[in-house]
Amino acid sequence: QVQLVESGGGLVQAGGSLRLSCAASSSSFILGVMGWYRQAPGKQRELVALMTSGGTINYADSGKGRFTISRDNAKNTVFLQMNSLKPEDTAVYSCYATKNGVAYWGQGTQVTVSS
C-alpha cells in the first residue's frame, strides 16, 4: 500500500506561482510513474504532468512552458512548480503514483487562481 500526501496548494492571483509537493509514505520501494492530475468543478479529471523514474516527462498542453515537474526518487517525492497561473488552472490537484503497475492517488490539494 502506498499513501501519498500533497502539500502546497492555496489561493494565488493570476500570474502568480505555486509549488506543489507530494511525498509517498515510504522510500523503501521504487515508484514507477509519479505525477499530477487535476479536476476542476464540473469537469473530468485531466492530466497535468507525469514523470517516470528514469526521467521521462509528459506534460499536458495546458501547462507546457508554465509548469515544471521534478522528483526525488530517493525520497519518493514529486514536485510541480506552477508559474504564470491562470484562473482556468483552478482545480483540485491530485498526486498520482504507480508501484508494480498499481495506481495510487493522494487526497488532493486545492489550487485557486483569482483574476
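Here are a few things to note about the model shown:
- For the chain, the number of Lys pairs separated by eight or more positions or lying on different chains, with C-alpha atoms closer than 25 Å, is 4.
- Extension gain, A103 to F29: 0.36 nm times the residue separation minus the Cα-Cα distance gives 25.2 nm.
- Distance between the C-alpha centres of the stretch 1-69 and the stretch 74-115: 3 Å, rounded to the whole angstrom.
- Environment charge at G10 (Cβ cut-off 15 Å; Lys +1, Arg +1, Asp -1, Glu -1): 0
- Rg ratio (alpha-carbon, reference 2.2 N^0.38 Å) - the stretch 1-86: 1.10
- Environment charge of L20, counting only residues whose C-beta is closer than 11 Å and scoring Lys/Arg +1, Asp/Glu -1: +1
- Average accessible surface area per residue within the stretch 45-101, 1.4 Å rolling probe, Å²: 47
- Once exposed loop trypsin sites (Lys or Arg not before Pro) are cut out (DSSP; at most 13 other Cβ, 10 Å), longest piece of the chain: 65-115
- Radius of gyration, Dmax [the stretch 65-115; alpha carbons; angstrom]: 13.0, 42
The values are calculated or read from the model by the stated rules, or taken from the named source; none is laboratory data. Keep in mind the model is a prediction, meaning the values are calculated, not measured. Quick reminder, even Gly has a Cβ in these numbers, built from the backbone with ideal geometry, and neighbours come from all protein chains shown. Note: accessible area is taken over every heavy atom of the protein model, side chains too, but ligands, DNA and RNA are not part of it. Shrake-Rupley method; radii C 1.70, N 1.55, O 1.52, S 1.80 Å.
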